[in-house]
Every structure is written in structure tokens, then in C-alpha cells.
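These notes are about the structure you will find just below.
Every read-out reported here was derived from the displayed coordinates using simple, explicitly stated rules and does not represent laboratory data. This is a predicted model, so every value here is computed, not measured. All Cβ positions, even for glycine, are placed from backbone atoms using ideal geometry, and neighbour counts span all protein chains on display.
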Amino acid sequence: MTQPSHDLIGVGIGPSNLSLAALLVPVTNFRTRFLDRRSHFNWHPGLMLPGARLQTSFLKDLVTAVDPTSPHSFLSYLVAKKRFYDFVNAAFDNIGRSEFADYLAWVAKRLDGLHFSCPVREIDFDGTRFVVRSDQGTATTANLCIATGNTANLPDWANTHLGERCFHASEILQQSRDITGKRVAVVGGGQTGAEVFLALAQGLFGTAASVNWISRRPNFDPLDETHFANEIFTPDYLQRFFDLPEGRKPCVVDEQKLKSDGISPSTLREIYHLLYQLRHLSNGKSNLSLMPGREVFALQKQADGMSLSTRNHMVGEDESLSADIVVLCTGYRTLVPEFLEPLATRIESDNQGRPQLNRNFGVLWDGPSDRRIYMQNCARHSHGIADPQLSLMAWRSAAIVNDLIGRRVYDIEQCPPVVNWQSARQAQESDTVAA
Ligand SMILES: Cc1cc2nc3c(=O)[nH]c(=O)nc-3n(C[C@H](O)[C@H](O)[C@H](O)COP(=O)(O)OP(=O)(O)OC[C@H]3O[C@@H](n4cnc5c(N)ncnc54)[C@H](O)[C@@H]3O)c2cc1C
Ligand SMILES: NC(=O)c1ccc[n+]([C@@H]2O[C@H](COP(=O)([O-])OP(=O)(O)OC[C@H]3O[C@@H](n4cnc5c(N)ncnc54)[C@H](OP(=O)(O)O)[C@@H]3O)[C@@H](O)[C@H]2O)c1
């Protein structure tokens, strides 16, 4: 029987698979290859706005949570860059996203087996091996780990207008832009909307005639970073969430939205201070307007520019707003990559077409049990709100490594959590198992 040329092929080299690649380094006699369509490692470059901060502790890097001795930690990076003492003295509340991106790129350069300029086009299974077709040829593998990230969420009303004047925020830095004299509408009240609004208000792309920031949320709501909110970003909570009845999960995710998708309090402070400065201390004129509680439901071309139709949920009325430029900060959606199409009928999906994953992030499929497909960052609905975030990335990679290798390469057990998330029934069941 033909043997696969690799033990694992990872598709996508963002933080998720970079973490997996770093944690697989100590595993000997295991042949890996990671493929990415980009020309080199680059973390969300289209949104690397000046001053943007990481929303997570730098300790939640690629490896530290499961192997603080790894040479691929953020602290190793600081030491290698000879800035350890400066970093400690700086006492950042949150580090800059650009520094974390530089750390990630530093790790990517040091790892073997990462291949860039390599878009994957199709993956099939020949009965024994996965066959991975990319622009650099065909390779075979026993196992896969798919981590291709999320796709820009483009509302239907925007589809026919997409271009230089109406674009998703993830493209804002992809070309030079001059908004001088233009009316700009920013749609979306998450962290991206806040960062884009701030950058526009600070004049990063020129001086706009006006900047209107529209949010569907009732207010510009903060990210909840308090102690017990952060308990949700722990392995124990993830396990408890995973065990919830499927019907309970969507409303729990909704309830917890602001713990992952709120706006960083530091960004809100910066925006408020800028507004104060412009309204009271400069010339007393501000061309900025904040419009929460509004949902955009239509976009029409006008003789001069565009008209956005919004529903004002606070008063229950429809409104309209003119704009020359519309920046869509409307988030991301998880799509099953097209290259998995040949395997589509073999993968177990829920009623929304989302692949079903087991506890260890393995896809349920009808192939042989020693041929596994893992997926990272596509299971918010089944594994909880931490899944798309960096918080549990190292822990998740270690769980995958242990499952893949079939032994405890990493000890990922934790002490009992501060909060008792376990139901009485679950506690009884685990007591029975222990006995
Ligand atoms: C601007 C921004 C800032 C964020 N900041 C934080 C933060 O501070 N804290 C936090 O916890 N979370 C943050 N997140 C959320 C999350 O941590 C990131 O989105 C993170 O990048 C997810 O990593 P990933 O590897 O799963 O996906 P991605 O980083 O999206 O990487 C996916 C990779 O797959 C590649 N790819 C896609 N299709 C193919 C293909 N067919 N063939 C080959 N390669 C392919 C892409 O080129 C890309 O490199 C942020 C998200 C955004 C958008
Ligand atoms: N510096 C950083 O660390 C950084 C930077 C950017 C992003 N991120 C992270 O990346 C993730 C994605 O953030 P994001 O801001 O891009 O997406 P997001 O949190 O999903 O926010 C999208 C926003 O768009 C709104 N929206 C969608 N359709 C709309 C419509 N038709 N009209 C009005 N508003 C509409 C949503 O409203 P509803 O809430 O009502 O759906 C939501 O407020 C988050 O976890 C975020 O924290 C981090």
C-alpha cells in the first residue's frame, strides 16, 4: 500500500497553525509540512493600524501556556531581540499588535517545514492518504490540520457596491487612501470599527469632511476583561461548554459576546479623549458623529456618493445618511474552505453546514480512524467564544499534538477552576468515572 509522504500537512499559517508547528518541533520522526497562500508570514496586515494593541496577555503566545521552556515563546523573542529589560520597565498594560506580529514572524522564520506562496486548491482522500493539491504541486499526508482563518463578513446590501469606495476594513491598509473632503461612514461597533474610526478621526488618511460611526449595538460597548469574565477563556470552561446540550450553546455564545468582541476600554478612552479635545479644546468644531443603535439595511448609489438606510432601534424609526466612502467593520464569518469540497459528503456537518468537531478539535468524518482532520478556529458554536481568539491557542495546539501522536507529549491538565462550572450531574458522572 502506498505510504503518505507526510504525517501531517497543515493548511494556513496564521497564529493557530504556527502554534501547532512550534509545539510539534520536539516530536521526533514526525514529518510535517505547513502551507500558506501568502508570500511570507504576515498577521492581518490590512488592519495593522498604528497604535493598535493586543487584546490578550503576551503570555498567551504560541507556546508558553503548555511549554514555558520552548524557544518559541514571546519571552525568548524579547531576549533574542535584547529588549527584555526595556520591555519589563515599559510595564505595558497591553503590548502593541505590531510587536506581537513581529514575534510571530520571528518564530515563522525559525521553523522548518513552513511553505509560503502555496495556496491549497483541493484536498481529497485516495482511500489511504489525503492528497493535497497546491500551486506548488501535490503532496500526500496521513493527517490534516486546517487553520485558514475567517472570511470578511460582507452584508448583502454592500455586495453590489464593493470597490474603492465601499470596502471591508481588513483591506483598509492594502492601498494608499485619501479621504480628504469626503464623508465617511464606518459601519460596525466592534474593535475593528473603533480602531478604524479612531484612525480616520486622527487624520491617518487625510481630513474627512465628516466621519459617522454606526453601530448596531445599543452603545459602544466595552470588552469585559474583568477577572471572572476571563475565566471563560480557560481550558476547563471550554470543556464545560463543549458538554452543553447543543440547543443551549447559541444563546450562551450570544450572552458572552462582549467578553470577546467588545471594544478595548483603552481604545474607548482614546476615542473619548480625542472627542473632548476636538469639541472643547481645539476650534470647537468636530466633524465626528457617533451613531449607536442603528442597523444598516440598504445602500444606494446617489448622484453624489451613496445613501445608507438605517433602522434606529432605540426609537424604532428608519433614517438615512449620505456618504462618499463606506468602511465595513462588520466582522468575520466562518466558512468551510472550498478546497475541502471533495471531502464534503464524508464530513459530518450540523444543520448549518458547519463541520462537527470532537473534544480534541478532530473533525467527525467517515474515513479510517487513523486518518484525522483537525480544524482550528472554526468551532465557536461548539467549543465556545474562546475558539477564534489567541487565549487558548497554545492549549488547543497541545491537545491536538497529544491526540495526533497518541500520547501525552504535553501535560495540559489544569488545577480545578476558580468557578464551579460543572453541573451536579456532571460532577456525579466524573465521581463515578474516578471511582
Ligand atoms: C485585526 C485583528 C486583530 C486581532 N487581535 C486579537 C487579539 O488581540 N487577541 C485575540 O485573542 N484575538 C485577536 N484576533 C482574533 C484571532 O486571534 C485572529 O484572527 C488570529 O489571526 C486567528 O488565527 P488563525 O491562524 O486561526 O487565522 P489567520 O490568522 O486568519 O490565518 C489563516 C491563514 O490561512 C491562510 N490561508 C487561507 N486560505 C488558504 C489556502 N487555501 N491555502 C493556503 N493558505 C490559506 C491565510 O493566508 C492566513 O495566513 C484578532 C483578529 C483580527 C482580525
Ligand atoms: N487590536 C485588536 O486586538 C483587534 C482589532 C480588531 C479586531 N479584533 C478582534 O477580532 C474579532 C472581530 O472584530 P470585528 O470588530 O472585526 O468584528 P465584530 O466584533 O464581529 O463586530 C462587527 C460589528 O459589526 C456590526 N454590524 C454587522 N452588520 C451590521 C449592520 N448591517 N449595521 C450595523 N452594524 C452591523 C455588529 O453588530 P452586532 O454586534 O449587533 O452583530 C458588530 O458590532 C473580535 O474578537 C475582536 O476583538 C481585535
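Would you work out the charge dipole size for the chain about its Cα centre, treating the Cβ of every Lys and Arg as +1 and the Cβ of every Asp and Glu as -1, and quote it to the nearest 20 debye?
For this selection, approximately 740 debye.
Want the number for HIS40 to ASP86: 0.36 nm per residue separation, take away the alpha-carbon distance, what's left?
Working it through step by step, the gained length comes to 13.7 nm.
Mind running the shape call on the stretch 275-423? Use the C-alpha gyration tensor, a ≥ b ≥ c as the square roots of the eigenvalues: rounded below 1.5 for a/c, prolate if a/b tops b/c, oblate otherwise.
Because a/c hits 1.5 or more and a/b exceeds b/c, the stretch 275-423 counts as prolate.
Can you give me the Cα centroid spacing of the stretch 226-241 and the stretch 26-80 in angstrom?
Using only Cα atoms, the two centres lie 22 Å from each other.
Per-residue ellipticity at 222 nm for the chain, helices alone: DSSP H runs ≥ 4 residues times -39500 (n - 2.57), over residue total, nearest 500 deg cm²/dmol?
About -7000 deg cm²/dmol.
Could you point to the residue in PHE241, VAL315, LEU288 farthest towards the positive end of the stretch 235-323's charge dipole, with +1 and -1 charges on the Cβ of Lys/Arg and Asp/Glu respectively?
LEU288
Ordered by packing density, taken as the mean number of other Cβ atoms within 10 Å over each peptide's residues, highest first, how do 94-104, 410-420 rank?
Answer by packing, highest mean first, reads 94-104, 410-420.
Go through the stretch 364-435 and name the trypsin sites (Lys or Arg not before Pro) that are in a DSSP coil and have 13 or fewer other Cβ atoms within 10 Å of their Cβ.
For trypsin sites (Lys or Arg not before Pro) across the stretch 364-435 that sit outside H, G, I, E and B with at most 13 neighbouring Cβ atoms in 10 Å, the list reads ARG407, ARG408.
Using the Cα gyration tensor of the stretch 76-121, with a ≥ b ≥ c the square roots of its eigenvalues, what is the shape: rounded (a/c below 1.5), prolate (a/b larger than b/c) or oblate (neither)?
Judged from the Cα gyration tensor, the stretch 76-121 comes out oblate (a/c at least 1.5, b/c at or above a/b).
What is the total of Lys pairs in the chain with C-alpha atoms under 25 Å apart, excluding same-chain pairs fewer than 8 positions apart?
Lysine pairs, 8 or more places apart or on different chains, close enough: 11.
Just check the stretch 1-88 against the gyration tensor rule for me: Cα atoms, a ≥ b ≥ c as the square roots of the eigenvalues, rounded for a/c under 1.5, and otherwise prolate or oblate depending on whether a/b exceeds b/c.
oblate
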